[in-house]
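These notes are about the structure you will find just below.
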Amino acid sequence: AHDPALIEEIGAATARAVRATGVEWVFAPTLAVAQNARWGRTYESFSTDGPLVRAYARAYVAGLQGDFGDHHVMATAKHFIGDGATQNGTDQGDAKVSLHDMINVHGSGYFGALEAGVQSVMASYSSWDDAAEGVNYGKMSGARALLTDALKHKMGFDGFVVSDWNAIGQLPGCTNASCPQAINAGIDMVMVP
């Protein structure tokens, strides 16, 4: 609809409905910029256009969190970063994109969410291989260069970073119950059963 005001209204309505159940924290919005229609989670993406995702992210977070009153919830920008760019659309796959595209396309929604004061970010199951620069960051849940250096230090996020469900068990040498690498990378809470 290209209507950020409508997206903010949807966020506010969602927050009211969620708070009516007693829940105060939601795992939304998804800020993937889907680039491959074969990816099984394209329905979660606002758009294939980074600037539109940025505008919608800002609006949706503002609607969800509002002034943190009785009818608002804490939002979670997810899945940091690049899950909409995985090669061949493989879920939990490897994003093989340049640094320029990771920042300007796949990072767009996070800039919007941060502008709106999002309080939580969820790390992605995906990996990032910046082949052009010769840097393979591996799985996001263990990538300190992305979670701490980029998100927290460069982008200024001072909120709460949560892993995705059992994502830490996908890191080499880790299990779903134990993964110092994820904590050292910048995960504040591990989502496990």
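What to note about this one:
- Per-residue SASA remark: ARG58, around 90 Å² accessible (1.4 Å probe; ligands, DNA and RNA not included).
- Potential lengthening between HIS153 and ASN166 on full extension [0.36 nm per residue; Cα-Cα distance subtracted]: 2.1 nm
- Take the Cβ atoms of ALA132 and GLU24, set R0 to 25 Å, and the FRET efficiency comes out at 0.05.
- Sorted from greatest to least, the principal axis extents spanned by the alpha carbons of the stretch 66-109 come out as 42, 22, 9 Å.
- Solvent-accessible area of the stretch 90-193 (1.4 angstrom probe, protein heavy atoms only): carbon and sulfur portion equals 53 percent.
- PHE68 paired with THR175, simple spin-label distance in nm, labels 7 Å along Cα-to-beta-carbon: 3.7
- Taking the Cα centre of the stretch 121-193 as reference, the dipole from Cβ charges on Lys and Arg (+1) and Asp and Glu (-1) amounts to some 120 debye.
- Mean projected area of the convex hull spanned by the Cα atoms of the chain, taken over all viewing directions: 10.5 nm².
- Tail beyond 22 Å, pair distance distribution of the stretch 1-115 (Cα, percent): 32
- Dipole axis of the chain (+1 Lys, Arg; -1 Asp, Glu on Cβ), positive-most option in PHE157, VAL190, ALA37: VAL190
- Where the chain is the region considered: accessible area per residue in Å², 1.4 Å probe: 45
- Here the extension length gained between GLU115 and ASP49 equals 21.9 nm, from 0.36 nm per residue of separation less the Cα-Cα distance.
- Cα principal axis extents for the stretch 81-193, largest first, Å: 35, 32, 22
- Partners for LYS139 among lysines (Cα-Cα distance below 17 Å; same-chain residues under 8 apart left out): LYS78, LYS96
- A probe of 1.4 angstrom, applied to the heavy atoms of all protein chains, finds ILE103 with accessible area near 80 square angstrom.
The values are calculated or read from the model by the stated rules, or taken from the named source; none is laboratory data. Note that the structure is predicted; figures quoted are calculated from it, not measured. Glycine also receives a Cβ, built like all others from the backbone with ideal geometry; neighbour counts cover every protein chain displayed. To get the accessible areas, we keep the full protein, side chains included, count just its heavy atoms, and leave off ligands, DNA and RNA. Shrake-Rupley method; radii C 1.70, N 1.55, O 1.52, S 1.80 Å.
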